[in-house]
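Below you'll find the structure, written out as structure tokens, and then a few comments.
The values are calculated or read from the model by the stated rules, or taken from the named source; none is laboratory data. For clarity, every value in this text was computed on a predicted model and none was experimentally measured. As a convention, Cβ positions derive from the backbone with ideal geometry for all residues, glycine included, and neighbour counts pool all protein chains shown.
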Amino acid sequence: MFLSRRKLLNYINCTGIAAISTPIFGAMNTNGNTHHLDYFKFSIGNIKITVVSDGGFQLPISSIDINSTEESLKEHLRKYHMPDDHIYMNTNLAVIEVGENKLIIDVGSGSRFIGSTGKLFDNLSKANIDPDSITHVFLTHAHPDHILGIRDDFDETIFPDAKFMISEKEYNWWTKKDRVNEVEETFIQMVLWAQNSLKAIPEISLFTNEKSILPGITAFDTSGHSPGHSSILVESEGSKLIIGGDVFRNTYTSLKNPDFIPDTDMDPVKAKKTRNEILDLLTKEKIAYLGYHFPFPGVGHIIAHEKSYEFIPASIRW
Ligand SMILES: [Zn+2]
């Protein structure tokens with residue numbers, strides 16, 4: 001039996017729900033609470049993937065799009081029932097098992113960054129992954145939430161025996177001598193973080209454009225968000241997944257409005273072009289996607305609507 005509109009209104013009035021003026025997810029604000037989704041395991045063909053979280057952090061809403069007013073961004077967030085005073089960034093790291101090898105994509109931000117991050121090792125242990133078993137580390141780019149965790153609290157490099165990889169363009173941009181003097185003041189800390197993190201890696205191999213890392217695992221250029229930003233294509237037995245770093249920011253921002261330009265996109269024109277190319281590829285070829293900053297675990301499919309896109313998350317099975 002369906003509730004009539006009048007009954008529903010009565011119900012709302014009785015329960016006081018109508019008194020809540022904030023959007024429902026705002027009302028459900030989980031600040032101050034933590035959740036217990038430690039890891040998410042799935043497969044692409046015969047390649048096993050575990051998503052582990054490094055935690056998360058908040059950014060101001062002005063960071064969503066450099067061309068929008070604060071009021072229009074608030075309106076956008078309310079439309080999707082999200083809190084309108086901040087944006088929450090998950091950090092979803094993938095551990096990919098290929099034969100005897102274990103490749104991790106990015107290393108999170110450790111304890112030197114903002115917010116509740118640095119949870120990688122706790123969550124690896126909950127997922128039963130021994131950090132010493134990681135054989136390869138692929139860095140999508142050198143922004144702090146992806147690379148700053150490279151040094152632990154004792155200044156030791158994590159995964160010291162693994163093979164590290166990053167694109168040559170990315171490495172060369174950040175490590176250029178005098179880079180720190182060439183950027184705006186607000187960006188200096190980012191450069192120092194990137195340089196200190198990259199320098200801490202004993203040996204790192206660089207690649208250009210496209211590189212096969214392990215059987216079924218290919219790195220490819222998705223620059224724009226950063227000078228040499230790269231993504232990973234996982235292919236096995238006819239199934240495909242793209243692990244796209246920061247090509248997209250969040251589901252209710254970058255997908256609902258792919259024209260939004262986050263303030264962290266270093267080449268806004270290139271980033272937007274890349275974003276649209278990846279959206280085209282994902283929707284036309286029906287490739288699954290793992291979003292670093294999507295709600296955990298950030299794995300699912302993206303489908304196209306007329307002017308926007310929608311994320312259909314993989315369902316968690318209990
Ligand atoms: Zn990021």
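Between a first residue in region 86-97 that is touching a residue at least 24 places away in the same chain (Cβ under 8 Å) and a second residue that is hydroxyl-bearing (Ser, Thr, Tyr) and more than 14 Å from the ligand (Cβ to nearest atom), which pairs have beta carbons less than 7 Å apart while being 6 or more apart in sequence or on different chains?
Qualifying pairs under 7 Å: VAL95/THR50.
Mind listing whichever residues of region 157-166 are part of a strand (DSSP E or B) and more than 16 Å from the ligand (Cβ to nearest atom)?
Those that are part of a strand (DSSP E or B) and more than 16 Å from the ligand (Cβ to nearest atom): THR157, LYS163, PHE164, MET165.
Does ASP280 qualify as being among the acidic types (Asp, Glu), surrounded by fewer than 24 Cβ atoms within 10 Å (Cβ to Cβ) and within 13 Å of the ligand (Cβ to nearest atom)?
Taking the combined requirement at face value, the residue does not satisfy it.
Test PRO258 against the criterion of being closer than 20 Å to ASP84 by Cβ and either away from the ligand (no atom under 15 Å from the Cβ) or not hydrophobic (A, V, I, L, M, F, W, C) (or both), and give yes or no.
For PRO258, the condition - closer than 20 Å to ASP84 by Cβ and either away from the ligand (no atom under 15 Å from the Cβ) or not hydrophobic (A, V, I, L, M, F, W, C) (or both) - is not met.
Do we have THR208 as more than 30 Å from TYR80 (Cα to Cα), surrounded by fewer than 19 Cβ atoms within 10 Å (Cβ to Cβ), of a type in the set (Val, Ile, Thr) and modelled with pLDDT of 95 or more here?
So THR208 passes the test.
Scan region 98-121 and report the pairs whose first residue is closer than 15 Å to ASP152 by Cα and whose second residue is surrounded by fewer than 17 Cβ atoms within 10 Å (Cβ to Cβ) and polar (S, T, N, Q), with Cβ atoms within less than 8 Å and a gap of 6+ or a chain change.
THR117/SER111; GLY118/SER111
For PRO202, which of the numbered conditions (1) over 28 Å from ILE44 (Cβ atoms); (2) surrounded by 13 or more Cβ atoms within 10 Å (Cβ to Cβ); (3) touching a Pro at 6+ places or on another chain (Cβ under 9 Å) fails to hold?
(2)
Within region 108-136, count every residue that is among the aliphatic types (A, V, I, L, M), surrounded by fewer than 23 Cβ atoms within 10 Å (Cβ to Cβ) and either within 16 Å of the ligand (Cβ to nearest atom) or within 21 Å of ILE87 (Cβ to Cβ) (or both).
1
So GLU306 passes all but one of these: (1) assigned to a strand (DSSP E or B); (2) more than 15 Å from the ligand (Cβ to nearest atom). Which condition number does it fail?
That leaves (1) as the condition not met.
In region 138-156, which residues are among the aliphatic types (A, V, I, L, M) and away from the ligand (no atom under 16 Å from the Cβ)?
Passing the criteria: none in range.
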